[in-house]
Amino acid sequence: MKFDFDRKRSSIDTLLIRRIVAAVVLALLVAGCSTAEDASGNGTFVQESESVANPSATPSAIQKPEKSETPTETSPTPESIPTLKLKPPPSTLTPIPTSTQIPTPTNTATATIRPSPTKAGQCSDRIPSDDLLTLVTREYAISADYVPGDLVSLANYLPTQVTRGYDSQLRRIAVPSLLQMIADMQRDGLAPEIISGYRSYSAQAVAWRKWLEREPDRAAIISVSPGHSEHQLGTTVDFGSPELAAIVGGDDVEFHTYFYKTREGEWLEKHAHEYGFTLSYPLEAFEITGFYYEPWHYRYIGVDLASELKTKGVSLTQHLLEIYPPPCDQ
Ligand SMILES: [Zn+2]
């Protein structure tokens with residue numbers, strides 16, 4: 001599917017209608033990271049299921065998240081979703097709560113390097129370069145063979161309070177900024193959590209099959225097929241907040257649209273770009289991104305571009321679609 005940007009800009013009325021429609025659809029959805037909660041980034045399928053929003057939940061109101069509508073239910077049903085089991089960090093690793101010990105990263109992010117102006121052939125053959133700007137959407141996939149070559153385990157640098165015991169991985173280039181951001185959040189009295197980082201193609205495939213079986217009519221909304229998740233890039237993080245469960249009103253809630261109401265969510269919305277992270281799926285950007293609002297899902301693209309997008313109020317997807325040719329054939 002392609003999005004018509006010219007048409008989108010053509011009329012304020014049209015925009016309002018679309019926003020209303022987006023809000024309606026949003027309310028009909030169970031909040032959930034369509035990419036994040038669909039599979040763990042560790043190939044263990046541990047984080048994936050327990051953090052998925054309950055797809056069978058029915059919202060009681062059709063409003064934008066800013067309104068005080070009844071939150072959509074996100075507590076997974078015990079019979080359908082495996083119980084969350086936190087994994088202790090590897091005994092050989094010592095969590096380091098500060099950002100002072102970082103693996104010799106060269107944070108000279110190559111975000112300024114532009115993708116190839118020519119198509120890369122079939123999306124299923126596309127192997128991302130290291131330029132941080134690979135476009136991954138429901139339309140444009142990456143190869144099943146792509147695995148970032150510089151993944152590091154965040155458990156090596158962050159305490160269990162932050163990693164929640166998950167063995168989340170991230171590309172080395174994004175780690176220094178992430179650690180600094182978390183340290184600054186903690187300094188401000190916050191308690192950010194990392195729910196998911198890199199997710200393999202196979203892990204996403206498992207989640208995708210699961211949703212096709214459980215919710216065949218809504219799988220394409222709730223989840224995304226393998227190859228189409230930004231988490232496979234290894235530069236995307238799903239954040240959590242200890243406040244979320246209480247705000248949502250359920251137990252064991254990891255992903256919910258109401259993350260934006262938590263102090264951690266508010267802070268990230270204001271400051272994540274200062275550390276090079278961008279909100280991939282903003283509110284009301286569904287028509288462009290193909291994903292519903294995911295206030296917890298941030299992707300590292302470098303400070304310059306993240307700040308530019310923040311100022312302009314556009315998503316990375318929109319930015320890339322507007323200035324570059326389609327990255328690959330369908
Ligand atoms: Zn995510």
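Each reported figure results from applying straightforward, stated rules to the coordinates on display, with no laboratory input. Note that this is a predicted model, so its numbers are computed, not measured. Ideal geometry is used to build each Cβ from the backbone, glycine not excepted, and the neighbour counts take in all protein chains shown.
Here are the numbers for the structure shown:
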{"quantity": "Residue 186 paired with residue 213, simple spin-label distance in nm, labels 7 Å along Cα-to-beta-carbon", "calculated": "4.0 nm"}
{"quantity": "Cα gyration tensor category, rounded, prolate or oblate, for the range 158-228 with a/c compared to 1.5", "calculated": "prolate"}
{"quantity": "Per-residue ³J(HN,Hα) for the range 315-325, Karplus 6.51 cos²θ - 1.76 cosθ + 1.60, θ = phi - 60°, Hz, x for Gly and Pro", "calculated": "7, 4, 4, 4, 4, 5, 5, 7, 9, 10, x"}
{"quantity": "Point-to-point label distance, residue 324-residue 311, nm (Cα→Cβ direction, 7 Å offset)", "calculated": "2.1 nm"}
{"quantity": "Sequence of 314, 248 once ranked by neighbouring C-beta atoms within 10 Å, starting from the fewest", "calculated": "314, 248"}
{"quantity": "Ordering of 171-179, 196-204, 157-165 by burial proxy (mean other Cβ atoms within 10 Å per residue, highest first)", "calculated": "196-204, 171-179, 157-165"}
{"quantity": "Prolate/oblate/rounded label for the range 215-293 (Cα gyration tensor, a/c 1.5)", "calculated": "oblate"}
{"quantity": "Shape of the range 143-296, Cα gyration tensor, a/c cut at 1.5", "calculated": "oblate"}
{"quantity": "Ranking of 257, 137 by count of other Cβ atoms within 10 Å, fewest first", "calculated": "137, 257"}
